[in-house]
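What follows is a set of notes on a single structure, which appears directly below.
The values are calculated or read from the model by the stated rules, or taken from the named source; none is laboratory data. Because the structure is predicted, anything quoted here is derived from the model rather than measured. Positions of Cβ are backbone-derived with ideal geometry, glycine not excepted, and every protein chain shown enters the neighbour counts. The accessibility values were calculated without ligands, DNA or RNA, using every heavy atom of the protein model including side chains. Shrake-Rupley method; radii C 1.70, N 1.55, O 1.52, S 1.80 Å.
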Amino acid sequence: MYNVSNEFDLKAQDFGEDFIWGVSTAAYQIEGGYNLAGKGESIWDNFAAKKNKIRNNEHGQVACDFYHRFKEDILLKKSLNIKNYRFSLSWSRILPNGIGEVNAEGIEFYNKVINCCLEHQITPWVTLYHWDLPQKLEEKGGWTNREILNWFEEYVKVCAQNFGDRVKHWMVLNEPMVFTGAGYFFGVHAPGRKGIKNFLPAIHYATLCQAIGGRVLRAIVPQVIIGTTFSCSQITAYSNKKKDIIASAKADALLNRLFIEPVLGLGYPYQDLPILKRLKKYILPADEENVVFDFDFIGIQNYTREVVKHSAFVPYLKAKIVEAENRNVKTTLTGWEVYPPSIYKMLKQYNMYSGVKKIIITENGAAFSDVVLKKKVNDSDRLYYLQAYLQAYLQQVHRALKEGVKVDGYFVWTFTDNFEWAEGYYPRFGSCRFQNAKTHC
């Protein structure tokens, strides 16, 4: 079991003057205003409206009400000396039908957010796609329809043309492994599709869209800094048995290598994950070249490690994750193992790719339990654990930095507690929250 130290001795200056510090959020998780000012329906609006899809049948229709309170939130960031703010754009707020007519009020909203950030010396880092596909496009097949290459290109062009004069840092996709796996294989996230027949095309078209988004930005706003983000977890074999080692290699290929290796020109990891050979059904002659893009940085998003063992009963993978609660280890509220060395291991793993120029940690954080009594949040334990957790992870980041890893920044997830997808408002990831007109961070 990993023991988190209670000594908070690291300082920002230990990482160097140019190290980037910031906070992250995502549109559907904080904005609210789900049907205001011309916004179209997204797959998360649709999914959350269905019974028993979200814990306690909660939704993001209001969420943190960032749509109305963005100035207040940005001023709070300024008061905390936060210099970098990563947020995403809602595709259906900008293009209500996914393509076609642009919603001027949606453009105006994001112009206000961007301008407010700049006015207060906060650098905007914009994510183009953080899981909220327009529902109109899902009705045409969503990420399983090759036409999404054209739909996404159109959307990125609109964003680049309207915001590229002021936004100098962009991320194309957020965690494609998660939105394709959870949304198009397991069906536990929007749009709720299941099965390999949905998962495989979604994988390939998302991989192509990574590169398409990068090329569009480079063509329209050539001087900006462009990245994309990947979820990742250290994979540990349950035992030294050959079958567990093979299972862990398959899990690593699926969870950590599937989307980054094609963009670097290395192709899909067919050898370690043979099921991926079925992707060839969807690959056209020029695709292997078109999935490649020279990103300025890669964003990694790490929360835990996974221990993996062989399982004859798991289709395709023949591997399963051994849940942390069954391993007698410290866990977060979401059931993830508290294991800070995981971020060090993933930084080292991604740093080994020669095509990776820089790495920025675009998400890292945790949720710990607290108690709400009479609309007041009693979270002294949560705040302590959050501080201890982040300090322990930052110690591992600093360790990697000292060893020459190309890590240039760290964004905590998240700024305020928010809608956490299928878990609703149960896990509180926020580093800040409002309580009786006071701010606790």
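Among the residues in region 126-135, are any in a strand (DSSP E or B) and polar (S, T, N, Q)? Walk me through how you get there before you give the answer.
Residues of region 126-135 in a strand (DSSP E or B): 126-129, 134.
Applying the additional criterion that residues be polar (S, T, N, Q) yields 127.
Yes, that holds for at least one residue.
Please indicate, with yes or no, whether at least one residue in region 187-208 is among the hydroxyl-bearing types (S, T, Y) and in contact with a strand residue (DSSP E or B) (Cβ under 6 Å, 6 or more places away or on another chain). Write out each step before concluding.
As a first pass, look at region 187-208 and keep what is among the hydroxyl-bearing types (S, T, Y): 205, 207.
Still in the list and also in contact with a strand residue (DSSP E or B) (Cβ under 6 Å, 6 or more places away or on another chain): none.
Scanning region 187-208, I find no residue that is among the hydroxyl-bearing types (S, T, Y) and in contact with a strand residue (DSSP E or B) (Cβ under 6 Å, 6 or more places away or on another chain), so the answer is no.
Of the numbered conditions (1) closer than 30 Å to A12 by Cα; (2) free of Cβ contacts under 8 Å to residues at least 12 places away in the same chain, G100 fails exactly one; give the number of that condition.
It fails just one condition, (1).
Being of a type in the set (G, A, S), open to solvent by less than 80 Å² (accessible area, probe 1.4 Å) and closer than 16 Å to V167 by Cβ: is that true of S92 here?
The answer is no for S92.
On the given criteria, is Q29 closer than 24 Å to T334 by Cα and surrounded by fewer than 23 Cβ atoms within 10 Å (Cβ to Cβ)?
Taking the combined requirement at face value, the residue does not satisfy it.
Could you count how many residues in region 44-82 are hydroxyl-bearing (S, T, Y) and either in contact (Cβ under 8 Å) with a residue 60 or more places away in the chain or open to solvent by 80 Å² or more (accessible area, probe 1.4 Å) (or both)?
Number of matching residues: 1.
I'm told E139 meets every condition in (1) closer than 23 Å to V23 by Cα; (2) surrounded by fewer than 20 Cβ atoms within 10 Å (Cβ to Cβ); (3) without any contact (Cβ under 8 Å) to a residue 60 or more places away in the chain except one. Can you identify the failing condition by its number?
With respect to (1) closer than 23 Å to V23 by Cα; (2) surrounded by fewer than 20 Cβ atoms within 10 Å (Cβ to Cβ); (3) without any contact (Cβ under 8 Å) to a residue 60 or more places away in the chain, E139 is out only on (1).
When you scan region 220-228, do you find a residue that is part of a helix (DSSP H, G or I) and touching a helix residue (DSSP H, G or I) at 6+ places or on another chain (Cβ under 9 Å), even just one?
Yes, that holds for at least one residue.
Does R86 meet the test of being open to solvent by less than 30 Å² (accessible area, probe 1.4 Å), basic (K, R) and either closer than 23 Å to I220 by Cα or in contact with a strand residue (DSSP E or B) (Cβ under 6 Å, 6 or more places away or on another chain) (or both)?
Numbers: open to solvent by less than 30 Å² (accessible area, probe 1.4 Å): yes; basic (K, R): yes; either closer than 23 Å to I220 by Cα or in contact with a strand residue (DSSP E or B) (Cβ under 6 Å, 6 or more places away or on another chain) (or both): yes.
Here the answer is yes, as R86 does meet what is asked.
Could you tell me which residue of region 195-218 is surrounded by the fewest Cβ atoms within 10 Å (Cβ to Cβ), considering only residues that are over 14 Å from E289 (Cα atoms) and of a type in the set (A, V, I, L, M, F, W, C)?
Out of the qualifying residues, it is I196.
So which residues in region 183-216 are in a loop (DSSP other than H, G, I, E, B) and of a type in the set (A, V, I, L, M)? Spell out the reasoning first.
Pass one, region 183-216, residues in a loop (DSSP other than H, G, I, E, B): 185-195.
Of everything in region 183-216, those that are in a loop (DSSP other than H, G, I, E, B) and of a type in the set (A, V, I, L, M) turn out to be V188, A190.
State the number of residues belonging to region 421-430 that are outside any helix (DSSP H, G or I), open to solvent by less than 20 Å² (accessible area, probe 1.4 Å) and touching a residue at least 40 places away in the same chain (Cβ under 8 Å).
So the count comes out to 3.
Restricting to region 162-177, count the residues that are open to solvent by 10 Å² or more (accessible area, probe 1.4 Å) and under 15 Å from I226 (Cα atoms).
Step one: filter region 162-177 for residues open to solvent by 10 Å² or more (accessible area, probe 1.4 Å), giving 162, 165-166, 168-169, 175, 177.
Filter again for under 15 Å from I226 (Cα atoms), leaving 165-166, 168-169.
The number of residues fulfilling the criteria is 4.
Residues in region 334-373 that are hydrophobic (A, V, I, L, M, F, W, C), outside any loop (DSSP other than H, G, I, E, B) and surrounded by fewer than 21 Cβ atoms within 10 Å (Cβ to Cβ): how many?
3
Filter region 298-314 for residues that are over 16 Å from Q349 (Cβ atoms) and in contact (Cβ under 8 Å) with a residue 40 or more places away in the chain and give the result.
Within region 298-314, V307, K309, H310, S311 meet the criteria.
For region 232-247, which positions are without any contact (Cβ under 8 Å) to a residue 12 or more places away in the chain and among the charged types (D, E, K, R)?
Once the filter is applied, which keeps residues that are without any contact (Cβ under 8 Å) to a residue 12 or more places away in the chain and among the charged types (D, E, K, R), region 232-247 yields only K242.
Select from region 231-273 the residues that are aliphatic (A, V, I, L, M) and open to solvent by less than 20 Å² (accessible area, probe 1.4 Å) and write down the one among them that is farthest from R166 (Cα to Cα).
Among residues in region 231-273 that are aliphatic (A, V, I, L, M) and open to solvent by less than 20 Å² (accessible area, probe 1.4 Å), the one farthest from R166 (Cα to Cα) is A247.
Kindly indicate whether any position in region 207-223 is without any contact (Cβ under 8 Å) to a residue 60 or more places away in the chain and over 24 Å from K358 (Cα atoms).
Checking region 207-223: not a single residue is without any contact (Cβ under 8 Å) to a residue 60 or more places away in the chain and over 24 Å from K358 (Cα atoms).
So for region 117-125 (the condition being assigned to a strand (DSSP E or B) and of a type in the set (S, T, N, Q)), does at least one residue qualify?
Within region 117-125 (the criterion being assigned to a strand (DSSP E or B) and of a type in the set (S, T, N, Q)), the answer is yes, since at least one residue qualifies.
So T228 passes all but one of these: (1) open to solvent by 20 Å² or more (accessible area, probe 1.4 Å); (2) in contact with a Gly (Cβ under 7 Å, 6 or more places away or on another chain); (3) not aromatic (F, W, Y). Which condition number does it fail?
Unmet condition: (1).
What are the residues in region 374-420 that are open to solvent by 70 Å² or more (accessible area, probe 1.4 Å), modelled with pLDDT of 95 or more and assigned to a loop (DSSP other than H, G, I, E, B), if any?
The answer is E403, and nothing else.
What do you reckon, is N302 open to solvent by less than 30 Å² (accessible area, probe 1.4 Å), assigned to a helix (DSSP H, G or I), under 30 Å from I226 (Cα atoms) and in contact with a helix residue (DSSP H, G or I) (Cβ under 8 Å, 6 or more places away or on another chain)?
Judged against the criteria, N302 is not a match.
From (1) in contact with a Gly (Cβ under 9 Å, 6 or more places away or on another chain); (2) surrounded by fewer than 22 Cβ atoms within 10 Å (Cβ to Cβ); (3) within 22 Å of N290 (Cα to Cα); (4) not aromatic (F, W, Y), pick out the condition that doesn't hold for P222.
Failing condition for P222: (1).
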